[in-house]
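The numbers here are math on the coordinates, done by the rules we state, and not lab data. Everything quoted here is computed from the prediction, not taken from an experiment. No Cβ is skipped: glycine too gets one built from the backbone with ideal geometry, and neighbour counts run over all protein chains shown.
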Amino acid sequence: MRVKQQSTGDRRAITLTASQNWDRLTNAQRFACYTLGKLGYQLQFVRISGDRRLAITRQQSHLATVDEGGEIDFNPGITLRH
């Protein structure tokens, strides 16, 4: 499965496979995303800003983010572009 990662500013839209996105996660994020997967969430993309990584997951219209330490935020307050 290929996922199109969309960015703003000087970042460019890049098409990544699910495997490539998975490879960008920390071990803590992988464990959290695996757990979210059991709840029906799917990894959409990984936002990298400086030295920080934020995993964005979605289950239908519900979003959840996972920070580098594996903390899950079910109310991230972000909006995805379509």
* Structure fact -> Sorted by chain and then number, the residues having a modelled amide H within less than 5 Å of the amide H of Gln44, at least 5 places away or on another chain, are Ile56, Thr57, Arg58
* Ser19 paired with Glu68, simple spin-label distance in nm, labels 7 Å along Cα-to-beta-carbon -> 2.7
* Structure fact -> Ranked on Cβ counts within 10 Å of their own Cβ, fewest leading, Val66, Val46 go Val46, Val66
